[in-house]
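Working notes for the structure below.
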Amino acid sequence: MPGDSVLVEAISTVGLLASITLTALVNRRVGRVAKDARSSRAQLENDHQADPSLTSNLREDMDEKHAESMGLMKTITKDIGGLRGDIRILHQADQATDERAQTLTQRLDDHLRKGH
């Protein structure tokens with residue numbers, strides 16, 4: 001039948017167009033994914049090393065820097081604790097000095113009142 005060949009041709013054409021459209025959409029999506037992957041890689045890759053042949057992992061770099069920062073924080077915490085202890089000792093010495101001065105002043109007042 002002559003109408004059947006036209007129908008087959010129309011179905012083939014629609015199938016071909018659908019295939020081309022789908023391929024274009026997939027290629028566009030793959031291109032976008034590739035672009036995003038390049039962008040992510042640029043953000044994550046350590047490209048400022050002295051030796052460019054060495055590669056670096058961002059997570060490893062961050063772990064190393066975190067450990068370094070924590071070590072510094074522990075040192076600072078110890079230093080602050082030591083300073084607090086020093087301040088506490090100075091405060092106690094100042095109080096003791098004030099108490100001794102008050103005692104001496106009181107003794108001098110008592111002595112002067114007695115008429116000596």
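The values are calculated or read from the model by the stated rules, or taken from the named source; none is laboratory data. Please read these numbers as outputs of a predicted model, since none were measured by experiment. Quick reminder, even Gly has a Cβ in these numbers, built from the backbone with ideal geometry, and neighbours come from all protein chains shown. Accessible surface areas use protein heavy atoms only, side chains included; no ligands, DNA or RNA. Shrake-Rupley method; radii C 1.70, N 1.55, O 1.52, S 1.80 Å.
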**Report entry** Theoretical FRET efficiency, 1/(1+(r/R0)^6), r = Cβ-Cβ of Lys78 and Thr103, R0 41 Å, to 0.05
**Finding:** 0.65
Query - Accessible area per residue in Å² at 1.4 Å probe, computed on the chain - result: 93 Å²
Query - 19 Å Cα-Cα reach of Lys74 towards lysines, excluding residues that sit fewer than 8 places from it in its own chain - result: Lys65
Report task. Note the angle between two axes, namely the Cα long axis of helix 58-113 and the longest principal axis of the Cα atoms of the chain, as a number of degrees from 0 to 90, rounded to the nearest 10. Result -> 20 degrees
Query raised in the report: If all Cα-Cα distances of the chain are sorted into 5 Å bins from 0 onward, what percent lands in each bin, rounded to whole numbers?
Result: 2, 8, 6, 7, 6, 6, 6, 5, 5, 5, 5, 5, 5, 4, 4, 4, 3, 3, 2, 2, 2, 2, 1, 1, 1, 1, 1, 0, 0, 0
Query raised in the report: At a Förster radius of 41 Å, what calculated FRET efficiency corresponds to the Cβ-Cβ distance of Val14 and Asp63, to the nearest 0.05?
Result: 0.15
Query raised in the report: Which value, in Å to one decimal place, does the Kirkwood hydrodynamic radius take for the stretch 61-107 when every pair of different Cα atoms is included?
Result: 13.5 Å
Requested in this report: Name the most mobile residue of Gln43, Gln106, Gln92, meaning the one with the largest mean-square fluctuation, in a Gaussian network model of the chain with Cα contacts below 10 Å.
Outcome: Gln106
